[in-house]
1. Between D205 and N188, how many nm apart are label points set 7 Å from Cα along the C-beta direction?
2. List the residues whose amide H sits under 5 Å from the amide H of V134, counting only those 5 or more places along or on another chain, with H placed 1.01 Å from N in the peptide plane.
3. Whose amide H sits under 5 Å from the amide H of K357, counting only residues 5 or more places off or on another chain, with H placed in the peptide plane?
4. Rounded to the nearest 500, what is the chain's calculated 222 nm mean residue ellipticity when only DSSP H runs of at least 4 contribute -39500 (n - 2.57) each, over all residues?
5. For the stretch 84-158 and the stretch 237-264, what is the separation of their C-alpha centers, rounded to whole Å?
6. In nanometres, what is the gap between the two model label sites at N72 and S15, each 7 Å from Cα along Cα-to-Cβ?
7. To the nearest µm²/s, what D does Stokes-Einstein give for the stretch 144-210 at 10 °C and 1.306 mPa s, using the Kirkwood radius over alpha carbon pairs as Rh?
8. Between M128 and M50, what is the FRET efficiency for a Förster distance of 25 Å, r being their Cβ-Cβ separation, to the nearest 0.05?
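Every number here is computed from the coordinates shown, using simple stated rules; none is lab data. Worth saying up front: this structure is predicted, and the values here are computed from it rather than measured. When we count neighbours, we look across all protein chains shown, and the Cβ atoms used for this are built from the backbone with ideal geometry, even at glycine.
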Amino acid sequence: MFISKLPNTGTNIFSTMSALALQHNAINLGQGFADYPMNQSLCNLVQKHMLLDKNQYAPMAGVPELRQAICNKTTRLYNKSFDIDHEITITPGGTYAIYTALTAIMQPGDEVIILEPAYDSYLANIEMNGGVAVLVPLNNPDFSVDWQKVKNAVTAKTKAIIVNTPHNPGSYIFSPHDWQSLTEIVSNTSIYIISDEVYEHIVLDGAQHESILRYPSLWDRCFAVFSFGKVFHNTGWKLGYCIAPKQLMNEYKKIHQFIAFTCNTPMQYAIAEFLQNENEYLQLPAFFQHKRDLFLNAMQDSGFTLYQKAAGSFFQTMGYQAISDRKDTDFTIWLAQEFKVATIPVSAFYKNGSNEKLVRFCFAKKDETLLAAAERLRKI
């Protein structure tokens, strides 16, 4: 008899809602991808390196030029430099990087703490590795962390804690206090930290991204995960990277060499060259704040409830209690079918669902897309 490793898992909500958007010709504010073109100069750099015949296998850890460019960036941003040969690995996306980190450290029966709501791959990755997800709820409505609850969840079987800042779907961003609280919890333990920072450059209202890389006390136990797709509006490239200390990265690369081995070569060279212009990522907060504010201004007369503006990422959560009593999965289907706007129900980010009546909108869209969606939503 065939035994599934994920017996309770079907098609995820992101695929479902994108398919529904196509079926009903709905504006897709669900899945987190841009509907505007990426920078043309980056496209041109890919072509340049393809024509230079940079088309064969890259080294397993990624092309040295890109690893060096990442090191230069993180040194400027977080005052932390790295051994590019032993502490940085280029990956086919951030989701892959998280899976590989968990696979490198986990044994069957290990517990991993997840802060819910959480990106759905965390749970699946833990279960595929024979582990047990320990679920800790975030505070409502701001999605901040109750660190006492995290501390209470730690047991002798705790192998890792996954954190995500800026947070998806809640947009909460870590403060120095959060990192200090986490440091106190894991001090004198062998617990690892997987820090999902794929939205590192999308921090709004003048805030600063507090990367785990800023905190030396956590360095020896961390895997820090990043995404080029989120930064440069090219999620289809599926390129990201992981930074970890040498002893952890050695184990990480043992796994990596047998699942992906390496990533797209000309795109790596292109991004390495593109990163030399730091303004390409430093201007992102202003770029996305404009889109968030445009969307929220257009939604002011809608029936949706705004609890707080998104602090980071390119997602805005809003409540629909004043509109409907439906559960959020039913509400999002109704919204796509009747008002032609696709969103994501926040319950999809919980293992056992939720009753918060919240939906997540992606504002990484053209201005005209956001305005058109808001116009439809105001008619409800």
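1. Taking the two extended label points, one gets 3.7 nm.
2. Residues meeting the criterion, in which the H sits 1.01 Å from N, are V112, I113, I114.
3. D328
4. Roughly -11500 deg cm²/dmol at 222 nm, from the helical runs in the chain.
5. If you average the Cα positions of each part, the centres end up 17 Å apart.
6. According to this spin-label approximation, the distance is 4.0 nm.
7. Calculated translational D: 124 µm²/s.
8. 0.10
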